[in-house]
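Shown next, in structure tokens, is the structure this report addresses.
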Amino acid sequence: MKIRTIKELLNAEVACCEENLDNHVYSACGSDMMSDVLAFVKDQAVLLTGLVNSQVIRTAEMMDMVCIVLVRSKLPTPEMIELAEESGIVILTTKTRMYDACGILYSNGLVGNKVKA
């Protein structure tokens, strides 16, 4: 699924890296606990979270994620935007709650991924 499609499905706004909206993602992970995200298998993925700190970007970088969706009307900090721009990670913001956002993406064909054993 293209990041552009995620933007449309979640009625999201682009906070940075709009030039990368045509990149593909193949799975998604929704969590406010970065330790859970680290248990997620690396893949071209999107992270859905309500956290707004630089650790979110650093975790996404470590896991080779290409897009972060901030749910519940959360807005990225200037530091988050700066770090995301350096890595080319798209940040989207949506009013949608995480549970609903995950459901919308799943029902439109974006799957989760297996956790590491």
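Observations on the structure shown:
- Looking only at region 93-117, and only at residues there that are outside any loop (DSSP other than H, G, I, E, B) and of a type in the set (S, T, N, Q), the one that is least open to solvent (accessible area, probe 1.4 Å): Thr93
- Only listed residue being on the phi < 0 side of the Ramachandran plot, of a type outside the set (Lys, Arg) and modelled with pLDDT of 95 or more, chosen from Gly50, Gly112, Gly30, Gly88: Gly50
- Of all residues in region 35-47, those being modelled with pLDDT under 90, open to solvent by less than 30 Å² (accessible area, probe 1.4 Å) and either touching a helix residue (DSSP H, G or I) at 6+ places or on another chain (Cβ under 9 Å) or within 16 Å of Gly88 (Cβ to Cβ) (or both) number 2.
- Region 31-75, residues that are touching a residue at least 40 places away in the same chain (Cβ under 8 Å) and in contact with a Phe, Trp or Tyr (Cβ under 8 Å, 6 or more places away or on another chain): Asp43, Ala45
- Selected residue (criterion: least open to solvent (accessible area, probe 1.4 Å)) from residues of region 48-92 that are polar (S, T, N, Q) and either assigned to a loop (DSSP other than H, G, I, E, B) or within 10 Å of Cys16 (Cα to Cα) (or both): Thr77
The values are calculated or read from the model by the stated rules, or taken from the named source; none is laboratory data. Keep in mind that this is a model prediction, so the values were computed, not measured. With ideal geometry, Cβ positions are generated from the backbone for all residues, glycine too; neighbour counts draw on all protein chains shown. Each accessible area value is taken on the protein alone, full model and side chains, heavy atoms only, with ligands, DNA and RNA left out. Shrake-Rupley method; radii C 1.70, N 1.55, O 1.52, S 1.80 Å.
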